[in-house]
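All of the numbers you see were taken from the coordinates with simple rules; none came from a lab. Because the structure is a prediction, the values reported are computed rather than measured. No Cβ is skipped: glycine too gets one built from the backbone with ideal geometry, and neighbour counts run over all protein chains shown.
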Amino acid sequence: MLVSPTRAFSIQDAFGPKVQKQIDSLNRIISQSSTDTAIASAYVGLAEILYVSDIDKLENLSIKAMEIADRNLAKSSTREIEKRAFRRSLAAALNNIGYVHDIKGDIPLALEYYNKAIKVLEVIGSKEGVASALNSMAYLYVNQGDSARALEFYQRSLKIEEEIGAKEKMASSLKSIGAIYGNQNDITLALEYYNRSLEMYKEINYQEGMASSLNNIGVIYSGQGDSTRALPNFRKSLAIKEELGDLEGAAYALSSIGNLYENLGEPEAALSYYTQALEIRKEIEDKHGISISLNNIGRLTLESGDVETAKAMAKQSLELANELAHPPIIRNASKLLSEVLKAEDNYEEALKMHELYIMMRDSVLKQEIEAAVLQKEAKHQIDAREAKIVLLDKENEIIKAQAANERIVLIGGAIGILALMLFLWRLSVKNASLSLAARTLKASNKTIGMQKDQAEENLEKQHDKTETLEEQIEQLKSPDSHLITLNSSGLILDVNKIFYIESQNRYVLITYHDRDKTDSIYERTSLKDFIQTLPTGFVQIHRSYVVNIAQIRSRASKYKLIMKDDELLPISESQVEAFDKALNPV
């Protein structure tokens with residue numbers, strides 16, 4: 001007996017008249033129709049309208065559709081044409097339930113429902129539906145940091161989209177694959193997929209997609225320091241966004257161009273673009289964007305010596321950042337205000353802002369670490385659930401085999417000795433099959449064991465590499481002290497105790513260890529000049545960072561270092577070769 005959701009799910013005034021009419025129509029079908037195919041479809045339709053007001057309704061109504069479909073598909077009397085309709089509703093319901101679990105962070109369960117949806121879609125031959133579900137799973141893996149699986153599912157989706165000629169979806173998948181390669185710093189492949197995406201969008205004249213792909217290509221070139229290629233792509237993206245009336249997108253493009261000019265050492269051009277971005281963001285009341293633009297402008301005005309304007313910008317940026325309660329923006333705004341206050345020689349207030357900056361910086365880092373831990377936990381849960389599914393499948397096969405044997409015994413008891421002999425013959429065949437299955441399982445377990453041993457061996461090799469790096473670092477340490485006197489504070493500092501030096505406009509921030517604690521101190525000089533006072537054993541890894549090789553804990557990746565104070569520092573593309581040579585001198 002179906003329960004009518006008419007009263008429970010009719011939300012007056014929450015939707016426009018057109019949508020409300022759809023809701024009323026679907027409710028009537030659910031309460032009045034005698035056809036289960038129509039009712040299951042109506043539940044799915046209602047779920048996909050009402051979820052905007054309550055995500056739980058998407059799951060609850062989809063479960064109702066799923067139950068109706070499952071019940072009817074289990075009936076032998078259900079006609080083939082009805083089965084197809086029920087499977088369509090079932091696939092949509094399963095996909096919706098997967099989406100709810102995805103949103104709520106229950107990743108293993110989300111994947112389970114997405115996989116169920118794919119199996120149903122494959123039965124009814126809906127290639128477009130399968131491609132869409134594969135995309136959902138790929139995006140889920142992206143959010144979990146599992147790039148390998150994300151690429152696998154995007155490629156599977158892309159293959160289907162190519163088969164059915166779904167060009168817009170092909171372009172989207174190509175762009176998503178490009179983004180993964182970009183995050184992995186595989187520049188060649190990132191550009192290849194972004195350009196393929198751009199060409200596909202051009203072919204179907206999809207302007208929004210073209211603007212997005214152009215911007216992505218610009219970001220890649222900008223990250224490589226190739227401004228001559230980055231700038232035209234940013235400008236083309238900006239022109240399309242302006243033509244489409246996409247003000248938020250236009251502001252983002254203007255800000256990207258401003259950042260490019262700032263990196264090129266052209267502050268006036270950068271300031272012009274940052275200001276245009278700020279005006280648009282004020283127009284659309286984008287507080288997040290306003291805070292970022294204010295910080296960008298404040299940074300440039302401080303460098304130009306206009307401390308008063310920089311202070312006003314920094315205060316406004318911090319005020320908005322606090323209102324938004326967004327740690328990354330608070331971090332940047334407090335850092336700028338700290339530098340402004342130092343320029344005013346207001347060291348007491350500058351220290352307070354610097355402490356806020358450190359607190360927010362650590363908060364952001366903590367969030368990143370927690371996200372990484374959650375990703376690992378989710379991956380473990382996914383792997384465990386997939387292993388459990390395999391075991392359940394095997395158990396199901398055993399149960400079926402046992403049930404078959406029991407039926408044979410009953411038949412044998414009914415028809416006498418001749419049937420019993422036939423049963424024994426079949427049983428011998430069954431035992432032979434089970435013996436073969438056991439040998440196969442044993443071989444499979446042996447293979448798994450070998451794979452495990454190989455994985456442990458690879459892990460040991462990686463450990464050996466890390467130990468080798470640490471040995472190289474230890475060999476570079478100098479036993480002799482090298483003392484320098486800081487002009488700003490008069491502090492006499494042993495450079496061997498320095499972890500790293502960070503450039504901050506007209507100052508450098510020196511982070512060092514003093515007895516059992518880590519401390520920092522400012523010196524009024526440029527990074528370039530300060531490097532001249534340092535002995536060998538220091539190397540520049542980024543335009544803003546110089547590190548003490550002896551204070552490196554490990555190399556997290558080609559472009560990341562972990563210092564012995566647990567700080568994660570970037571290595572820029574242009575400095576990788578010099579850093580490698582410093583670690584491994586010929």
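Which order results if Ser520, Ser557 are arranged by neighbouring Cβ count within 10 Å, fewest first?
Ser557, Ser520
One-quarter of the Cα convex hull surface for segment 180-251, in nm²?
For the Cα atoms of segment 180-251, the hull's average projected area reads 4.6 nm².
At a 10 angstrom cut-off on C-beta neighbours, averaged per residue, how do the peptides 160-169, 33-42 rank from highest to lowest?
Final packing ranking: 33-42, 160-169.
Residues in segment 536-560 near a label at Asp514, defined as backbone nitrogen under 20 Å from the 7 Å Cα→Cβ point?
548, 551
Over the alpha carbons of segment 1-125, what is the largest minus smallest coordinate on each principal axis, giving the biggest first in Å?
The principal-axis extents, from largest down, are 40, 37, 25 Å.
Grab the other residues whose beta carbon is less than 10 angstrom from that of Glu82, score K and R as +1, D and E as -1, and report the net.
Overall, the nearby charge balance is +3.
Give me the distance in nm between label points sitting 7 Å out from Cα along the Cα-to-Cβ direction at Ser147 and Gln207, one decimal.
Reported label-point gap for Ser147 and Gln207 is 3.5 nm.
Given the peptides 231-240, 338-347, 171-180, arrange them by the average over their residues of other C-beta atoms within 10 Å, most packed first.
Top of the packing list down: 171-180, 231-240, 338-347.
Just to confirm a number: summing +1 for Lys and Arg and -1 for Asp and Glu over residues other than Phe579 whose beta-carbon lies under 14 angstrom from that of Phe579, what do you get?
Taking every Cβ under 14 Å from that of Phe579, the sum is +2.
Using a basic spin-label model with each label point 7 Å from the Cα along Cα→Cβ, how many nm lie between Asn115 and Ser554?
3.1 nm
Between Val19 and Glu573, what FRET efficiency comes out of the Förster formula 1/(1 + (r/R0)^6) with R0 = 56 Å and r the beta carbon distance, rounded to 0.05?
For R0 = 56 Å, the calculated efficiency reads 0.65.
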